[in-house]
Amino acid sequence: MPVAAALRISFCCADTQAQPWLDALRQALPEADIRLWQSGAPRADYAVVWAPPQQFFDEQTALRAVFNTGAGVDALLRLNIPPALPIVRLDDAGMAVQMAEYVCHALLRHLREGDAYQEQQRQAQWVQRAPRSRGDYPVGILGLGVLGQRVAQAVAHFGFPVRGWSRTPALSHALAGLPDFQAFAGADTLDDFLAASRVLVCLLPLTEATRDLLDRRRLGRLQAGGYVINVARGALIVEDDLLALLDAGHLAGATLDVFRTEPLPGDHPFWKHPKITVTPHISARTLLSESVRQIADKLRLLEQGHPVPGTVDRQRGY
Ligand SMILES: NC(=O)c1ccc[n+]([C@@H]2O[C@H](COP(=O)([O-])OP(=O)(O)OC[C@H]3O[C@@H](n4cnc5c(N)ncnc54)[C@H](OP(=O)(O)O)[C@@H]3O)[C@@H](O)[C@H]2O)c1
């Protein structure tokens, strides 16, 4: 059902080419008046945002809901936004399969010793290394939400034991059918979860409860030769503690897509560390057409007074 006429939507997305988004939003919501935000613009009913300035919310005081063009809302929640204003994030929208690809690529490259074979090729060495058993590499997934569940399925498909940690018990069908899956829930179980994992995949939102969660003590709980894949937010990990455990040999390596400071500063030790692979926050990109379709569907649900999936719980921070 089309939305009522003359709904005003303001678009304010940093680091985004605005015109393709405006064109797609206008096509998906032809009845709405959709404009690129600039200071002094008329007050809108809805907003589509990514990393907007505080000034946006200071001026846009008539909003009925805000759509975030990503899954993580930590940066948005640092702004001063009216507590009752609903914030709606993207659910999957094409990101989950990308996350599964990225994590499986990093995991399999580690299991199959891709770095060692690359080095052997550089030295023209024909050496067949002893095969590794995936049973020795239980994969622990921190965060069993929209992305974590998809990653758990993909990893299980390759025959790895899978462990998962969430705030509340994970009850979804997607996880129930996995052959070697063990679920842990709540802060009290984190140490046991880590001790049951050798590869750690971070897919938690950044909240007050998860900031600096992975410090030296907790990372040290991972099984010897542990491997860390962080695709969520950089501030989940205490960077110096990760470096110390890599240098001490307890951890074998890390693939990092997200960092406390982005872009990662040119002199940061991660860039040249022999056990670290760095990518520039590309593990799961926002896809325009899927995202616009989802935003339009959710906006219509809101207009009809229905609950909307992906509405952020401001209290818990995700
Ligand atoms: N690198 C990238 O390109 C990229 C792209 C997209 C997203 N991300 C990041 O990925 C994160 C996860 O996305 P998502 O869509 O999967 O989120 P989600 O659906 O909200 O799932 C979050 C999961 O984390 C768990 N969790 C949250 N706080 C916890 C705590 N204190 N203790 C234990 N578990 C906790 C939740 O537990 P419950 O199930 O009990 O609620 C849930 O299982 C986003 O927040 C974003 O930061 C990164």
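I need the Debye-formula profile for the range 96-160: one equal scatterer per C-alpha, no solvent, reported as log10 I(q)/I(0) at q = 0.12, 0.13, 0.15, 0.24 1/Å, two decimals.
-0.38, -0.44, -0.55, -0.99
In Å, what is the Rg of the alpha-carbon atoms in the chain, and how long is Dmax?
21.4, 69
Taking the alpha carbon gyration tensor of the range 31-91, what are the square roots of 5 times its eigenvalues, largest first, to the nearest whole Å?
They are 17, 14, 11 Å, listed from largest to smallest.
Kirkwood Rh over alpha-carbon pairs of the range 90-236, then Stokes-Einstein at 4 °C and 1.567 mPa s: what D in µm² s⁻¹, rounded to an integer?
For these conditions, the coefficient is 81 µm²/s.
Amide H neighbours of Cys13 under 5 Å, counting only residues 5+ apart in sequence or on other chains, H built in-plane at 1.01 Å?
Trp50
For n ≥ 4 DSSP H runs only, could you compute -39500 (n - 2.57) per run for the chain, divide by its residues and tell me the 222 nm figure to the nearest 500?
One gets -9000 deg cm²/dmol as the mean residue ellipticity at 222 nm.
List, in order, the whole-Hz ³J(HN,Hα) value for each residue of the range 220-234 obtained from phi through the Karplus relation with A = 6.51, B = -1.76, C = 1.60 and θ = phi - 60°; use x for Gly and Pro.
Working through the residues one at a time gives x, 6, 4, 4, 4, x, x, 9, 10, 10, 10, 10, 9, 8, x Hz.
HN-Hα J couplings of the range 125-141 from phi, Karplus 6.51/-1.76/1.60, θ = phi - 60°, integer Hz, Gly and Pro as x?
Residue by residue, the range 125-141 yields 10, 9, 10, 8, 7, 4, x, 9, 9, 5, x, 7, 10, x, 9, x, 10 Hz.
Per residue of the range 292-307, in order, report the coupling 6.51 cos²θ - 1.76 cosθ + 1.60 (Karplus, θ = phi - 60°) as ³J(HN,Hα) in whole Hz, putting x for Gly and Pro.
Rounded to whole hertz, the list is 5, 4, 5, 4, 5, 4, 5, 5, 5, 4, 4, 4, 8, x, 8, x.
Using alpha carbons only, how many degrees (0 to 90, rounded to 10) separate the axis of helix 146-157 from the longest principal axis of the chain?
Roughly 30 degrees, rounded to the nearest 10.
Heavy-atom accessible area per residue, the chain, 1.4 Å probe: how many Å²?
Numbers: 15650 Å² over 318 residues.
It amounts to 49 Å² per residue over the chain.
Give me the orientation-averaged projected area of the Cα convex hull of the range 206-259, in nm², one decimal. Could you put the intermediate results ahead of the total?
Values: hull surface 13.1 nm².
In nm², the orientation-averaged hull projection of the range 206-259 is 3.3.
What is the local net charge at Leu108, summed over the other residues whose Cβ is closer than 13 Å to its Cβ (Lys, Arg +1; Asp, Glu -1)?
So the environment of Leu108 carries a net charge of +1.
Ignoring any ligand, DNA or RNA, what whole percent of the accessible area of the range 240-318 comes from carbon and sulfur when the probe is 1.4 angstrom?
Whole-percent figure for carbon plus sulfur exposure: 53.
Hey, any idea what % of the range 145-186's accessible area is carbon plus sulfur with a 1.4 Å probe?
57 percent
On a 0 to 90° scale, report how tilted helix 95-111 is relative to the longest principal axis of the chain, with both axes built from alpha carbons and the result rounded to the nearest 10.
Helix 95-111 sits roughly 10 degrees off the main axis of the chain.
I'd like the accessible area for Thr286: 1.4 Å probe, protein heavy atoms, all chains in place, Å² to the nearest 10.
60 Å²
The values are calculated or read from the model by the stated rules, or taken from the named source; none is laboratory data. Every value quoted in this text rests on a predicted model; they were computed, and no experiment measured them. Please note: Cβ atoms are built from the backbone with ideal geometry, for glycine as well, and neighbour counts cover all protein chains shown. Quick note on the areas: whole protein, heavy atoms, side chains included, nothing else; ligands and nucleic acids left out. Shrake-Rupley method; radii C 1.70, N 1.55, O 1.52, S 1.80 Å.
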